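Note sheet for the following structure.
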Number of protein chains: 2
Amino acid sequence: MRLLLVEDDEILGDGLVAGLKMEGYAVDWLTNGKLADEALKINSYELIVLDLNLPDMDGMDILRALRARKDETPVMVLTAKDTVPDRVLGLDSGADDFVIKPFELDEVCARLRALARRNEGRSVPHIEHKGIILEPASHQITYHGEKVELSQKEFEILSFLMSNIGRVVSRARLEESLYSWNSDIESNTVEVHIHYLRKKLEPSLIRTVRGVGYIIDNDDDA
Amino acid sequence: MRLLLVEDDEILGDGLVAGLKMEGYAVDWLTNGKLADEALKINSYELIVLDLNLPDMDGMDILRALRARKDETPVMVLTAKDTVPDRVLGLDSGADDFVIKPFELDEVCARLRALARRNEGRSVPHIEHKGIILEPASHQITYHGEKVELSQKEFEILSFLMSNIGRVVSRARLEESLYSWNSDIESNTVEVHIHYLRKKLEPSLIRTVRGVGYIIDNDDDA
DNA sequence: TTTAATTTTAATGCGTTGTTAATTAAGGAT
DNA sequence: ATCCTTAATTAACAACGCATTAAAATTAAA
């Protein structure tokens, strides 16, 4: 699950990154407001953690710009107690949650889980297709009524494919959804995980579109 | 997917072309602003990557002229950090995204994908004609209800012809859509693929217009 | 620390695909 | 009718993309 952290404080940022990675997030950490603004135009994060107090650009501007682009990604705002204008705490700010510094890492994580859950809950209760039931909330898969144990990466790949049923998903796009920008995957990791998925489920479930990507088809034949 | 790169720096351009081709784009590279302006009046691209700092013509003028012609092609602008007038960063410039030099090739590619995605997301209509159903999203062809397996090049050629039903498409134009300008195809590749298409579908489907090109006719006779 | 599980890397093999090139057929022009 | 040009057909070959496997590296768990 991809997460963007915008935090200029080195020490705090470092700790957050470590903690969030431990929670299983693929974290991109930016210390620069303008870069963050740019990064968000790519729009491929599931969560954003945003410090309002940045040196080069007001965090609120980033948030405003984000919402102006109709980007609904859940945003958690970090602020120091005395720098929060009251209006910010209102609903119109566009943020989904606030944490006041100093805070406990555990609390942030719990709130993030809640955010993610709430966000999934709206749009994707569970996806069902060809005998597969995928429940994002519990992170579990059922295939023809039987539980199937998937590793994290396998789950993420399947999720991505299943939320794009009928559309070809390029390998690059899959990689984007699994990793953060700068992490270089120069090998065939995705292929390998696809292979494991086919093994655990049905080989014909995921169709290869040579030179293009992978797809889970709509139709019932294969 | 055709992409126009306008970049005067030889070294940078060379690298970009290589990288973009690797991503599967058919890249046309122009180092000259005026030529680019002309090219954009004639050709149509799915993406444009534009360096603002050109020797003979301001990149912004190209962009302005493009938008003045109601051309909505997504444009990614490349700029050096200190040469970006602030106004350029505003929404009114007409660009869809910016990248500040120096940049990572990976980032540019990721952003381009995002641009293309945003742009195409609206409508991916399937084309239907004479019993053939072509679905770009799933990359599949049906002929009289039966699935037909096509290779990538075959698929691309058929796509191009089917989105130009009733119009003759010259071989040069087909080659352009499959390859970039300067990539040399000195043989009859297109003919060969046309041949395979006719074999897999109906020989009479694609009519040869001698000395001109190929066409899929409107009418029901052949 | 040891063990197990997960993830990544790397190497291999195979089938598909794109391209080339040579030959045959067809269409126009003289 | 013949010649010349253009297109169709076929086969051969090289290159590529993907699947698969095993092993290494990393991470989590005991």
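The values are calculated or read from the model by the stated rules, or taken from the named source; none is laboratory data. Computed from a predicted model, the values in this text were never measured in an experiment. Note that each Cβ is placed from the backbone with ideal geometry, even for glycine, and that neighbours are counted across all protein chains shown. Heads up: the accessible areas ignore ligands, DNA and RNA and are worked out on the full protein's heavy atoms, side chains in. Shrake-Rupley method; radii C 1.70, N 1.55, O 1.52, S 1.80 Å.
Put a dot 7 Å past the Cα of B:Val212, heading toward its Cβ, do the same for B:Ala65, and the two dots end up 3.1 nm apart. In segment B:131-147, the residues whose accessible area drops by at least 10 square angstrom when the other protein chains are added to the isolated chain are B:Ala137, B:Ser138, B:His139, B:Gln140, B:Lys147; the probe is 1.4 Å and only protein heavy atoms count.
Ordering B:Leu78, B:Val27, B:Val169 by Cα displacement along the dipole of chain B toward the positive end leaves B:Val169 in first place; charges were set at the Cβ atoms of Lys, Arg (+1) and Asp, Glu (-1).
Per DSSP helix of 4 or more residues, -39500 (n - 2.57); summed, then divided by the residues of chain B. What does that give at 222 nm, rounded to the nearest 500?
-11000 deg cm²/dmol
Excluding B:Tyr45 itself, what net charge comes from residues whose Cβ is under 11 Å from its Cβ, given Lys and Arg +1 and Asp and Glu -1? Surrounding charge for B:Tyr45 is -3. Each residue of segment B:162-170 is assigned a 3J(HN,Hα), and the resulting list reads 6, 8, 10, 4, x, 10, 6, 10, 6 Hz, derived from the Karplus form 6.51 cos²θ - 1.76 cosθ + 1.60 (θ = phi - 60°), x at Gly and Pro.
Proximity of backbone amide H atoms, modeled 1.01 Å from N, is registered between A:Tyr45 and no other residue at under 5 Å, excluding neighbours fewer than 5 places apart on the same chain.
Under the shape rule built on the C-alpha gyration tensor, where the axes satisfy a ≥ b ≥ c, segment B:2-120 is rounded, since a/c falls short of 1.5. Under 5 Å from the amide H of A:Leu54 lie the amide H atoms of A:Gly59, each residue being 5 or more positions distant or on a separate chain, with H modelled from the backbone and absent for Pro and chain starts. Heavy-atom accessible area of B:Glu38 with all protein chains present, probe 1.4 Å, nearest 10 Å²? Answer for B:Glu38: close to 90 Å² accessible. Under a 5 Å amide H cut-off, with hydrogens placed 1.01 Å from N, B:Lys147 pairs with nothing among residues at least 5 apart or on other chains.
Legend: Rg and Dmax of segment A:127-216, from Cα coordinates, 12.6, 39 Å. Using equal-weight Cα scatterers in the Debye expression, the normalised intensity of chain B in log10 at q = 0.09, 0.14, 0.15, 0.16 Å⁻¹ is -0.43, -0.93, -1.03, -1.12. Label separation (B:Lys41 vs B:His195): 4.1 nm, computed from points 7 Å beyond Cα along the C-beta direction.
The string of couplings for segment B:133-148 from the Karplus curve (6.51, -1.76, 1.60, θ = phi - 60°) is 10, 10, 10, x, 4, 9, 6, 10, 10, 10, 10, 6, x, 9, 5, 10 Hz, one whole number per residue in order, with x for Gly and Pro. For chain B, the longest principal axis of the C-alpha atoms and the axis of helix B:189-200 are separated by about 40°.
Compared with its chain on its own, segment A:37-65 contains the following residues whose accessible area drops by 20 Å² or more in the full protein assembly (probe 1.4 Å; ligands, DNA and RNA excluded): A:Glu38, A:Lys41, A:Ile42.
Report the accessible surface area buried between chains A and B, summing both sides, using a 1.4 Å probe on protein heavy atoms only, in Å² rounded to the nearest 100.
On the way: alone 12180 and 12400 Å², together 23060 Å².
Result for this pair: about 1500 Å² buried.
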